[in-house]
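S.K.: The structure follows.
FYI, it's all coordinate maths here, none of it is from the lab. Not measured: the values here are computed from a predicted model. In this analysis, Cβ positions are derived from the backbone assuming ideal geometry, glycine residues included, and neighbour counts consider all displayed protein chains.
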Amino acid sequence: MIQTGNRRLEMRELEVPKIASDEALLRVEACGLCGSDVDQFRGGTAASGLVCYPMIPGHEPVGVIEHIGADAAATWGVRAGDRVAVEPHLSCGACPQCLSGRYHLCRRLRPHGIPGYGFLPLEDGGGLSGGYATHMHLKPRTIVHRLPSSMPLKLATMYQAIAGGVRWAVTLPQTAMGDTVLIFGCGQRGLGAVIACREAGVGRIIITGLARDRHKLDLAMALGAHETIVADQEDTVARVMELTQGQGVDVAVDLAPFAPQTVAQAVDAVRSGGTVVLAGLKGHAQRPAIETDKVIFKEITLRGAFSQGWQAYEQAIRILDEDRYGLARLRTHDFALEDADTALRILSGETPGEDGICLALYP
């Protein structure tokens, strides 16, 4: 499925490329969807200059290695027949960002696009570079994670949601056992953050959502959250202060998309010396406003969070494989590849009566 414009997807057939020694061909079994897929579908990433049409979307693919070159097999530690999850990044491996371990921020291969993102416009040699397809061309420096053969495919496609929770809610803010964490947003990343916080031994998990998200808030409680806040019916900051006896939370993680007000709320809700992680994209037209004096006087640490990283993916795969939390409850919809348009509209909340959380396309 090729995106040719804003809200325009069309099916085409492309030639399967020959595989070089340092490349592989992935037979895509499923591709997960997230909020950035919705923004891309609507044209937000194109308006920001981050992608160009036509291109193949899909950055959460899971599949089986169909063909692999000898050098790629030796480098990646996988062979034909292995099921893998693919990271969405291509990096050069030689720039300062890559050498310091921040390969997801590499701009050398995409100087004018999303740092490190592997899918390219078809005109620029992108070819089979996205997960909305039956096959993906895994180019040199692709990063793959071998999945346990026992892991159900329905769980495997949630590897990015869980990995986001691990890095954004635990690793980056250095969340410690017994901390109180506030999570803005109860979508798949917010629920992934609940799971990651539970794994880390967080003392109190508070998560926000809207009245229409009641089913997601209930699921968050079932997964281990301690308190929920209905943000369009309650004063989020006042409720947090009530729950923490006026102290504020140790960590606030903003995962709420296109909601600029949550940035200021996170600053207000975190304790002095606490940490705010910003991972919810607000879109190019949004301008969140915060009082920087509060950041100074409270000595708040502000952290931006983009993508997940190797360690977070490995932890997510472990969590999914152990499945101690009944994670299949996050899966709400499965679609054929040609129904990608329908899937994206459900995930975006545009379809009345459909409450999507984790969705996937099956070629």
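S.K.: Going Cα to Cα from LYS216, which lysines come in below 23 Å? Please leave out same-chain ones fewer than 8 positions away.
M.R.: Result set, ordered by chain and number: LYS154, LYS282.
S.K.: Hey, another quick one. Cα to Cα, under 15 Å, and not fewer than 8 places away if on the same chain: which aspartates and glutamates meet these conditions relative to LYS298?
M.R.: Output for LYS298: ASP250, ASP268.
S.K.: Got the relative contact order for the chain handy, in percent, Cα pairs under 8 Å and 6 or more residues apart? Numbers along the way, then the final one.
M.R.: Values: 804 pairs, mean separation 62.2, N = 363.
Taking the mean separation of contacting Cα pairs over the length of the chain, I get 17 percent.
S.K.: For a quick protection proxy, order the peptides 83-91, 225-233 by their average other-Cβ count within 10 Å, most packed first.
M.R.: Highest to lowest by the protection proxy: 83-91, 225-233.
S.K.: Something else now. For a protection proxy built on the mean count of beta-carbon atoms within 10 angstrom, sort 96-102, 344-350 highest first, please.
M.R.: Values: 96-102: 13.6, 344-350: 17.9.
Descending packing order for the listed peptides: 344-350, 96-102.
S.K.: Something else about it: Students often forget the sequence filter, so: which lysines lie under 21 Å Cα-Cα from LYS139 once same-chain residues fewer than 8 apart are removed?
M.R.: Partners within reach: LYS18.
S.K.: So if each residue of separation counts as 0.36 nm, and I subtract the Cα-Cα distance between MET221 and GLU10, what length gain in nm does that give?
M.R.: Gain on stretching MET221 to GLU10: 72.0 nm.
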